[in-house]
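The values are calculated or read from the model by the stated rules, or taken from the named source; none is laboratory data. It should be emphasised that the depicted structure is a prediction, and the values quoted were computed from it without experimental measurement. Here the Cβ positions follow ideal geometry from the backbone for every residue, glycine too, while neighbour counts run over all protein chains shown. We work out accessible area using only protein heavy atoms, side chains counted, and drop any ligands, DNA or RNA first. Shrake-Rupley method; radii C 1.70, N 1.55, O 1.52, S 1.80 Å.
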Amino acid sequence: MLEGLNAPQREAVLHGDGPLVVFAGAGSGKTRVITRRVAHLIGERGVAPWKILAVTFTNKAAGEMRQRLQALVPGDARGLVVGTFHSTCARFLRHYAHRIDLKRDFTIYDDSDQKALLKRVMGDLDVDPKRFPPRQLSASIQRAKQEMVEVGERDDLSGYYRDVVVKVAETYEARKSQAGALDFGDLIYRLTLELEKDDELRRDVSGRFEHLLVDEFQDTNHAQLRLVRALASVHGNLTVVGDDDQSIYRWRGADRRNILDFRRHYPAAHIVKLEQNYRSSARILRAAHAVISRNDDREPKELWTEKDEGERVFVLGADDERQEAQFVVRGCEELRSKGESLDSIAVLYRTNAQSRVIEERLLAEDIPYRVVGGVRFYDRAEVKDLLAYLRILTNPADDVSLLRIVNTPTRGIGKTTLSRLLDLAAETGVGVWDAMAHAPKDGRFSKGVLRKLDAFRKLVEKLQERASLPLPDLGGLVLEESGYLAMLQAENTPEADARMQNLAELVGSMNDFTERNENATLTAFLEDVTLQSAIDAADLEEPRVTLMTVHSAKGLEYPTVMVTGLEEGMFPFVRPGAAGGEDPEEMAEERRLAYVAFTRAEDRLILSYARARRIFNNTQVGTPSRFLLDLPREDLTWIGDQPTRARTRSAAPAYRPDPWDAPPAPRRSPPRGHDSYIDYSEGSDIGLGEGSRVWHPKFGHGRVTEVRHGMVPPRVAVRFDDGRTKVIQSDRLQPG
């Protein structure tokens, strides 16, 4: 049980009764400690397997834990309860259903079931899905369950929106109850609620076990924390394992304070820190520590390794995102020529939209790749939606594209109408587009439906008249006129933001295509995209470069890791705080993301930034990320321009901006593909400032509340006189 363990690992495995918190740094053998501790409890302490409950976050992690335990204690692991939070709660809810007024055979609604029911409820209550997007309402309902409060009690909901959420939530919950169903959020919420209000039930459930172990404790939310405390309330033998430095899911409710405050809840808790790293070279670990150590609100720890110093960390400065993608390709080719497998290479980025240029370059050079935790850029739903709109502008007879977007965004053209249209098309031998024109002469369509079909045809015809516009302008026009952009803006969720970024990136690709091709017609662009996005017929088992966001990379490791887009505003991805400046909590999480990214690398870490980047269809002048400037210079090899003045390092971990962090961009000829460099840095005279009165041809008069520099042209947040706030390019505004 103890073979191959270092001293802190042995200490955690051998811990007796009582609470234990294990701070497990990246690559420090966390899973080994958990499984060896369980095996020790069974094999050496004589604890019956069915008296041990181990909880983790994913089915994959639970399956891996079971496999390891079966190898460690063959035969003795039967009866051990290992599962995710949701599966564990479902098991208890079914077992005790008769005591909590619940049907034992209740149905569990997945995300699509939940969305479908919510839409029906909104329809019945006459709630406008454009004004109150279903995804946003669903997020409000589920977040309340994570916080263990009623929806109406949430501090961030107020006014009419709160009233609508409460009304929808009450009906939604009643419909679920009537159907004998629970959604995912209910599983944890209901069990925790029942355990806290019924002492006898809590003693029965907690008393079934003698030990509770929880993995990835830094990712738990408030409801999960209360559930864990209830499940451990009888025996008190609670082991939690995690790393506050790898807490990167704050946006979905995770609270790293749960692990940092563990000793407040359990003053007698024993603490073990796993700081020996078995994954990365010493130089990589020093780079990661240089970034994370500037967060002041963390459990002090520093990873070390017995591995050698390793290669220097490479920092590549590219002229633009296309040259950066070329650097990535060149690195892959060079490593492959030296006998390295493409499977050993991972390319990481902060946002999904960044993958587009890299994917195109890999495709052009015939380098196989896979996208983890997502789909290829041109396969993403919102990208395919905009491409479908563009296709029907050139070919309205394209039934596949037409059916994809005829009711996206929602226009009241439902499945019944489409089924009748398809029947009419088949009977008359025409396509769906022409069937719409014949529909008024057919008795199976109501006047209301005919008005909706006519409105859609007029929208397409209006866009067809503008199809000769420059491609980027046409893409933006389609998003505006179709209502697609307004739909995502109204949704106001992180997922909607990511989808808007991908759409802006697609419009940016239209701009790139225009610059590269004299004959940049819409037809030529669509043909180019189709050829790029076609899935090749190569063996899926062949070695491939892995592309993914940093969030998707958590828990993985690769011999070579390339982290791209390390510029201020990109990584860290800076959002304004309540007072208009940086949000300290957001910036601390960005540092944790960088720490996670760097510690995925075993032997080789390559970092890159671009001095100009067209992203989300805006060109940004790039300065090196503060994370690059934190790194120990003696461990780096810079390729391209590098800052020349050494920054005075402060002992204080908090970030303090100074001129070193934003060196002025040298005047140079514009990189290929960019018309010019325009100095829109802080202090430039753009004619607009906070408080300026402005006028926009669509939104009217308003006042500037924030100027966001670093983009070309700058963007400004404007609160218009009708109460709406929009972020708009400054060149689209006039003084007013």
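Take the residues in segment 116-139 that are open to solvent by 70 Å² or more (accessible area, probe 1.4 Å) and assigned to a helix (DSSP H, G or I); name whichever of them is nearest to TYR249 (Cα to Cα).
ARG135
Looking only at segment 169-195, which residues are aliphatic (A, V, I, L, M) and either modelled with pLDDT of 95 or more or under 27 Å from the mean Cα position of the chain (by Cα) (or both)? Show your work before the answer.
Our first condition is that a residue be aliphatic (A, V, I, L, M); within segment 169-195, this holds for 169, 174, 179, 181-182, 187-188, 191, 193, 195.
Hits for segment 169-195 are ALA169, LEU182, LEU187, ILE188, LEU191, LEU193, LEU195.
Yes/no per residue for (1) closer than 25 Å to THR514 by Cα; (2) free of Cβ contacts under 8 Å to residues at least 40 places away in the same chain:
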residue	(1), (2)
ARG411	no, no
PHE445	no, yes
LEU469	yes, yes
GLU481	yes, yes
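Under 6 Å between Cβ atoms, at least 6 apart or on separate chains: pull out the pairs that start in segment 553-575 with a residue that is charged (D, E, K, R) and end on any residue that is buried (at least 23 other Cβ atoms within 10 Å of the Cβ).
Here the result reads LYS554/VAL596; GLU557/ARG600; GLU567/TYR609; GLU567/GLY622; GLU567/SER625; GLU568/SER625, each pair linking segment 553-575 to a residue that is buried (at least 23 other Cβ atoms within 10 Å of the Cβ).
Would a scan of segment 556-575 turn up a residue that is open to solvent by 40 Å² or more (accessible area, probe 1.4 Å) and modelled with pLDDT under 90? Break it down into steps so the answer makes sense when it comes.
Filtering segment 556-575 down to residues open to solvent by 40 Å² or more (accessible area, probe 1.4 Å) leaves 556-557, 568, 574-575.
Subset that is modelled with pLDDT under 90: 574-575.
The answer is yes; a qualifying residue exists.
For segment 520-555, which residues satisfy the criterion of being over 30 Å from GLU589 (Cβ atoms), small (Gly, Ala, Ser) and either at pLDDT 90 or above or within 23 Å of the chain's Cα centre (by Cα) (or both)?
SER533
Output the residue which, of all residues in segment 277-305 that are in a loop (DSSP other than H, G, I, E, B), within 19 Å of GLY555 (Cα to Cα) and without any contact (Cβ under 8 Å) to a residue 60 or more places away in the chain, is farthest from the chain's Cα centre (by Cα).
The selected residue is THR305.
Any idea which of (1) assigned to a helix (DSSP H, G or I); (2) more than 21 Å from GLN218 (Cβ to Cβ) is the one GLU309 doesn't satisfy?
(1)
So which pairs qualify, if the first residue must be in segment 16-27 and of a type in the set (Phe, Trp, Tyr), the second must be open to solvent by 10 Å² or more (accessible area, probe 1.4 Å), the Cβ gap must be under 7 Å, and the two must be at least 6 apart or on different chains?
Matching pairs, first to second residue: PHE23/LYS273; PHE23/GLU299; PHE23/LYS301.
Pairs needed: first member in segment 616-636, of a type outside the set (Val, Ile, Thr) and at pLDDT 90 or above; second member anywhere, open to solvent by 30 Å² or more (accessible area, probe 1.4 Å) and not in a loop (DSSP other than H, G, I, E, B); C-beta distance under 7 Å; at least 6 residues apart or different chains.
Every condition considered, the pairs that remain are PRO632/ARG286; ASP635/ARG283; ASP635/ARG286.
In segment 378-417, which residues are in a helix (DSSP H, G or I), open to solvent by 30 Å² or more (accessible area, probe 1.4 Å) and not β-branched (Val, Ile, Thr)? Full working, then the answer.
Residues of segment 378-417 that are in a helix (DSSP H, G or I), as a first pass: 378-379, 381-394, 399-405, 415-417.
Now restrict to residues that are open to solvent by 30 Å² or more (accessible area, probe 1.4 Å): 379, 381, 384, 391, 394, 399-400, 403-404, 415-416.
Result: ASP379, ALA381, LYS384, ARG391, ASP399, LEU403, ARG404, LYS415.
Residue check: is VAL234 open to solvent by 10 Å² or more (accessible area, probe 1.4 Å), at pLDDT 95 or above and over 30 Å from the mean Cα position of the chain (by Cα)? Before the answer, list the steps.
Values: open to solvent by 10 Å² or more (accessible area, probe 1.4 Å): yes; at pLDDT 95 or above: yes; over 30 Å from the mean Cα position of the chain (by Cα): yes.
Here the answer is yes, as VAL234 does meet what is asked.
If GLN464 satisfies all but one of (1) in contact with a Leu (Cβ under 6 Å, 6 or more places away or on another chain); (2) crowded, with 16+ Cβ neighbours inside 10 Å, what's the number of the condition it fails?
All conditions pass for GLN464, except number (2).
Please verify whether GLY483 is open to solvent by less than 60 Å² (accessible area, probe 1.4 Å), modelled with pLDDT of 90 or more and in contact with a Pro (Cβ under 6 Å, 6 or more places away or on another chain), treating the condition exactly as stated. If you could, list the steps in order and put the result at the bottom.
Details: open to solvent by less than 60 Å² (accessible area, probe 1.4 Å): yes; modelled with pLDDT of 90 or more: yes; in contact with a Pro (Cβ under 6 Å, 6 or more places away or on another chain): yes.
Against the criterion (open to solvent by less than 60 Å² (accessible area, probe 1.4 Å), modelled with pLDDT of 90 or more and in contact with a Pro (Cβ under 6 Å, 6 or more places away or on another chain)), GLY483 qualifies.
Checking HIS696 against (1) open to solvent by 80 Å² or more (accessible area, probe 1.4 Å); (2) at pLDDT 75 or above, which test does it fail?
(1)
With respect to ARG330, determine if the residue is at pLDDT 90 or above, surrounded by fewer than 18 Cβ atoms within 10 Å (Cβ to Cβ), among the basic types (Lys, Arg) and under 30 Å from LEU503 (Cα atoms).
So ARG330 fits the description; yes.
Give the number of residues within segment 618-638 that are over 13 Å from SER608 (Cα atoms) and part of a loop (DSSP other than H, G, I, E, B).
Of the residues in segment 618-638, 3 are over 13 Å from SER608 (Cα atoms) and part of a loop (DSSP other than H, G, I, E, B).
Of everything in segment 425-449, what is open to solvent by less than 40 Å² (accessible area, probe 1.4 Å) and either among the charged types (D, E, K, R) or in a helix (DSSP H, G or I) (or both)? Give them in sequence order. If you could, list the steps in order and put the result at the bottom.
Going through segment 425-449, the residues open to solvent by less than 40 Å² (accessible area, probe 1.4 Å) turn out to be 425, 431-433, 435-436, 439, 442, 445, 448-449.
Selection gives ALA425, VAL432, TRP433, ALA435, MET436, ALA439, ASP442, GLY448, VAL449.
Could you look through segment 350-377, keep only residues that are outside any loop (DSSP other than H, G, I, E, B) and open to solvent by 40 Å² or more (accessible area, probe 1.4 Å), and pick out the one that is nearest to VAL507 (Cα to Cα)? Full working, then the answer.
Going residue by residue through segment 350-377, those that are outside any loop (DSSP other than H, G, I, E, B) are 352-364, 369-371, 377.
Within this subset, residues satisfying the condition of being open to solvent by 40 Å² or more (accessible area, probe 1.4 Å) are 352, 361, 363-364, 370.
Details: ASN352: 15, ARG361: 18, LEU363: 20, ALA364: 20, ARG370: 23 Å.
It comes out as ASN352.
If you scan segment 175-230, which residues turn out to be aromatic (Phe, Trp, Tyr) and either more than 16 Å from ILE52 (Cα to Cα) or surrounded by fewer than 17 Cβ atoms within 10 Å (Cβ to Cβ) (or both)? Can you show your working first?
Step one: of segment 175-230, the residues aromatic (Phe, Trp, Tyr) are 184, 189, 209, 217.
Result: PHE184, TYR189, PHE217.
Out of all the residues in segment 123-130, is one or more small (Gly, Ala, Ser), more than 28 Å from GLY83 (Cβ to Cβ) and at pLDDT below 90? Break it down into steps so the answer makes sense when it comes.
Residues of segment 123-130 that are small (Gly, Ala, Ser), as a first pass: 123.
This time we only want the ones that are more than 28 Å from GLY83 (Cβ to Cβ), so: 123.
From what's left, at pLDDT below 90: 123.
Within segment 123-130, one or more residues are small (Gly, Ala, Ser), more than 28 Å from GLY83 (Cβ to Cβ) and at pLDDT below 90.
Quick grid of which residues meet (1) in contact with a Leu (Cβ under 8 Å, 6 or more places away or on another chain); (2) of a type in the set (Val, Ile, Thr); (3) open to solvent by 10 Å² or more (accessible area, probe 1.4 Å):
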residue: PHE262; (1), (2), (3): no, no, no
residue: ALA269; (1), (2), (3): yes, no, yes
residue: SER281; (1), (2), (3): no, no, no
residue: ILE284; (1), (2), (3): yes, yes, no
residue: HIS289; (1), (2), (3): yes, no, yes
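Can you work out which of the residues in segment 140-174 that are buried (at least 18 other Cβ atoms within 10 Å of the Cβ) and among the small types (Gly, Ala, Ser) is farthest from GLU194 (Cα to Cα)?
Filtering first and then ranking leaves SER140.
Output the residues belonging to segment 247-260 that are assigned to a helix (DSSP H, G or I) and surrounded by fewer than 23 Cβ atoms within 10 Å (Cβ to Cβ). Show your work before the answer.
Residues of segment 247-260 assigned to a helix (DSSP H, G or I): 250-252, 257-260.
If the condition is that a residue be assigned to a helix (DSSP H, G or I) and surrounded by fewer than 23 Cβ atoms within 10 Å (Cβ to Cβ), then ARG250, TRP251, ARG252, ARG257, LEU260 are the ones that fit.
One line per residue, one yes/no per condition, for (1) touching a Cys at 6+ places or on another chain (Cβ under 6 Å); (2) small (Gly, Ala, Ser); (3) within 17 Å of ARG592 (Cα to Cα):
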site	(1), (2), (3)
HIS235	no, no, no
ASP243	no, no, yes
SER247	no, yes, yes
GLY253	no, yes, yes
ARG257	no, no, yes
ARG264	no, no, no
ARG279	no, no, no
ARG283	no, no, no
